[in-house]
1. Can you tell me what share of the DSSP beta bridges in the protein assembly as shown is antiparallel? A percent to the nearest 5 is fine.
2. Just report the Cα centroid separation between the stretch B:436-479 and the stretch A:119-169, whole Å.
3. May I have the extent of the alpha carbons of the stretch B:280-503 along their three principal axes, as whole Å values ordered from largest to smallest?
4. Once the Cα gyration tensor of the stretch B:43-90 is found, what semi-axes does its equivalent ellipsoid get, as square roots of 5 times the eigenvalues, in whole Å, sorted largest first?
5. Which value at 222 nm does chain B reach when only helices count, each DSSP H run of 4 or more adding -39,500 (n - 2.57), with the total divided by all residues and rounded to the nearest 500 deg cm²/dmol?
6. Treating the angle as unsigned and between 0 and 90°, give the value, to the nearest 10°, between the Cα long axis of helix B:475-487 and the longest Cα principal axis of chain B.
7. Would you mind getting the Kirkwood hydrodynamic radius of chain A from its Cα pairs, rounded to one decimal in Å?
8. Where a ≥ b ≥ c are the square roots of the eigenvalues of the C-alpha gyration tensor, would you call the stretch B:158-288 rounded, which needs a/c under 1.5, or, failing that, prolate if a/b is larger than b/c, or oblate?
């Protein structure tokens, strides 16, 4: 019997390549709440990037003639105790929130994933050692560890990013390790080992790309957490310093003192924090659902 | 109008006047009885006034003790010295010998009589403490050559040179008179125990909770104290203190509240609350590290002070922070303070801010930084008043092209950084326990003399002026030296920048009478004159 060999061109694509636009359309249809979250996240990013264009006032400019002014046509969200425009400070504050959020989530999730995959790949004593170190960090609640780090390093935006990133690393490492343990047993990893590839190449080129789904989910989940932590640290006076516009910072000091007389000083930054965190969480949850194969099959 | 009508009208008017006058008269007459309850925002490390500095010790403990002299409890300036255990005093013509006559019949709480031996032992402990015994204010008495007790009711201080502030230093609210016999047995006994001659006896101290005192029935000042006792409640959180006063669980918190807290208490309690306010003997300063460029250049330092619109800030910041008065080196309204019109001649104190800022820019150009420069302003990590003052300063400096960023450092670490010189420009402050040039100006002497001169400069002229004002016994002559010192410090050399004087606000229950606010929250805490109207 003659065997007809198929040409490469005749082999059909197992997974048909679809455009990003189509993928986004499907995501919006299947997960409308996630889409709303994504839109709010996108708006937040845009606002942060264009704050200097869209803000009606300089966020640092004081106006002692308009101290504690209630919301009006001149100041849509009122002014604070120094006569600074609350809306402008919220718009600029999103820049601080996004900077801290993205930096912490990216560095935290990336470092955690690399450590988790490395730990899973080497297994044995290396895994044991890394996991016990991670366990030590995991024994502390996120905020407590961040507080400890920032009290050692001192306040300031750079130190806040470090303080929030450090407690995120072991959490990301734990999740990445659990995914990587399964990947480690895959034949293509064995094949790569057998082919004599170096450990770094196996980890970076064969294992890491296959933990992308949990990585992306962690990234979005950590964004919201980082924004909330930054606001908490700033509220406690350990985050960014005045007069930098930052949402958590706007909630402390005079906002507490004048909570009854000028509630807008606390309400609007509070709403901005809630909305951003809510949006990131919605988007993150929907992304997890979309990328989780078990939920996909259901 | 008939005569009868006129007569009736006269009777009515007189009756009205009588009604108005009688209760007021009765109200002003001290009433005995009742327990004063007050909140204290901090707690003492030990009970020994000679070694501690916190008001958290003075407020609950001062009622157990007397001092040789004291500040008049009715004097709002906190500068008028009156007798306490010493009923009279004379000063030699050369100003070097102080002879004080003590009251007779004053008894310690254990019934033993107080004599000059006790006063000598107490002052020996303060001025010449034995090794290992803390006396944080002994530096104020380096001028004391000898302390003598020639008889039971006379105490003599011999000084190495005349010192204008010496009487005031005998009225220090910390210099409690202890019992010599106890000190002889254990010089550290008073760190953990109470035994004084004051108007109130010690009852109990529950750490972290409260301190209780009761009336001393054998107090030497007959008829006083008016209160049956007092209870000090330790509360660190200011919201809790406000809530306690609002709910009438505490009559008063003697240190003070913020303007917002005052307003909230007044709106909640209306006529049930009385508010006393005073300039506070604490000033918000800016230290510029002269070991770092460009702050070694006095033109740059002058530019920093010229940029500040103090008069506008006085109105604006006083709405949100405990600062108010535009001041020089002395609390406004006190004997050595510079009058406002003279103060306005100093750099940065004028009312024409545009002119001041134009001058600031000119100085920066001359100093070689025409486009301004960036620097870090290190601020103390306490919200009130450091944070609002810091925000204001940064905004003011922006107006002349200086780009300052604020780095907030935890309070105790901030002091460490200042001492080590690890800063460029920083907030700085000092609270005096008495308004007295010797105490208030000592800090600004050269760094070799003053260890809290955070500007890290040497200025021999300033040192000489300090000595001259300290030794000038004639008040007018002393005023001249104080003014000269102030002009050199704030204007000619601009070694430091004074922003605004702190402002003390004490809203308290209207029932509390006989207590007068002073510029110092360490003064007037014996409570012997305080009474409750109901």
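What follows draws every value from the coordinates through simple rules; no lab data is involved. Quantities reported herein were computed from a predicted structural model and do not represent experimental measurements. Quick reminder, even Gly has a Cβ in these numbers, built from the backbone with ideal geometry, and neighbours come from all protein chains shown.
1. Approximately 75 percent, going by the DSSP bridge assignments.
2. Measuring centre to centre over Cα atoms gives 51 Å.
3. Result, largest extent first: 48, 38, 37 Å.
4. After scaling each eigenvalue by five and taking roots: 23, 13, 9 Å.
5. -9000 deg cm²/dmol
6. 40 degrees
7. Kirkwood radius, chain A: 21.7 Å.
8. oblate
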